[in-house]
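Everything below concerns the one structure shown next.
The values are calculated or read from the model by the stated rules, or taken from the named source; none is laboratory data. Being a predicted model, the structure only gives us computed values, none of them experimental. In this analysis, Cβ positions are derived from the backbone assuming ideal geometry, glycine residues included, and neighbour counts consider all displayed protein chains. The accessibility values were calculated without ligands, DNA or RNA, using every heavy atom of the protein model including side chains. Shrake-Rupley method; radii C 1.70, N 1.55, O 1.52, S 1.80 Å.
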Amino acid sequence: MTETKAAHAGSRDKEVAEYLTAHPDFFTAHPELLSSISIPHPSGSATSLVERQLAVLREQNSDLDRRLHELVAVARENDQLSERMHELAIALIGARTLNQALSVVRRSMVEEFGADRAAIRVGHKPAAEAGDALDDPDIFVGAEDPGLKLFEDLFKNGRPECGRVQSSKALYLFGEASQEVGSTALIPLIGAGWRGLLAVGAVEPDRFQPGMGTLFLGRMGKLVSVALQTHLSTKA
């Protein structure tokens, strides 16, 4: 019985050898098999198959190393964003007036988040004493403002959007500086009976791209919305 098995195994080995000889490009068509093959060889020159196997393993290792570096870079960037969000939250909590809260947002966008331009538009009119004290009273445009209606899709969607914006929208947000803005992140702001938006503009056309992650932008919008609501509800 044992001799029969041995003879059968030898026959199969011969068939495999003949097949590989007849198909020298077999491992080229199936490179994934090379990483699982172990071929003992004497010290000295290695066979071409072993060399190919090592090359595949090195390539796989290089790919894994690249992916690891990418993951580390993403993790480091997310950690930095979390820290900036934390600092923004602390600064907003410390704002005692509506004007201070707005100043915190604009300063944070430029200094902490690297925006080249930042704009805020809110469809609400604060109380007269609050509006008179604002550094930029144009921020509060009223619920029926025609410019704000340009962003109906943004408000309907309720999520941040990134990329290039129409010239009419850019002009409404950034004025004469709109021609310098290559890409923009639009962040909806939602309050009690009002809506608005925070626009973060960058000169680089690839800074904010469609399809990029907007998790932190969404959190930023909620944070700013709550901060503004606090002052609007006490001043209205």
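Here is a yes/no grid of residues against (1) closer than 22 Å to Gly147 by Cα; (2) part of a loop (DSSP other than H, G, I, E, B); (3) without any contact (Cβ under 8 Å) to a residue 24 or more places away in the chain; (4) touching a Leu at 6+ places or on another chain (Cβ under 9 Å):
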site	(1), (2), (3), (4)
Ser168	yes, no, yes, yes
Ala192	yes, yes, no, yes
Gly196	yes, no, no, yes
Pro210	no, yes, no, no
Gly221	yes, no, no, yes
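The residues in segment 132-145 that are open to solvent by 70 Å² or more (accessible area, probe 1.4 Å) and over 16 Å from Ala119 (Cβ atoms) can be counted, and the count is 2.
Restricting attention to segment 1-28 and to residues that are at pLDDT below 60 and open to solvent by 90 Å² or more (accessible area, probe 1.4 Å), the residue that is nearest to Leu54 (Cα to Cα) turns out to be His8. All of Arg84, Arg117, Arg121 fail the test of being in contact (Cβ under 8 Å) with a residue 40 or more places away in the chain, touching a Phe, Trp or Tyr at 6+ places or on another chain (Cβ under 9 Å) and open to solvent by 50 Å² or more (accessible area, probe 1.4 Å), apart from Arg117.
All conditions but one from (1) open to solvent by 30 Å² or more (accessible area, probe 1.4 Å); (2) over 28 Å from the mean Cα position of the chain (by Cα); (3) at pLDDT 75 or above apply to Ala95; the one that does not is (1).
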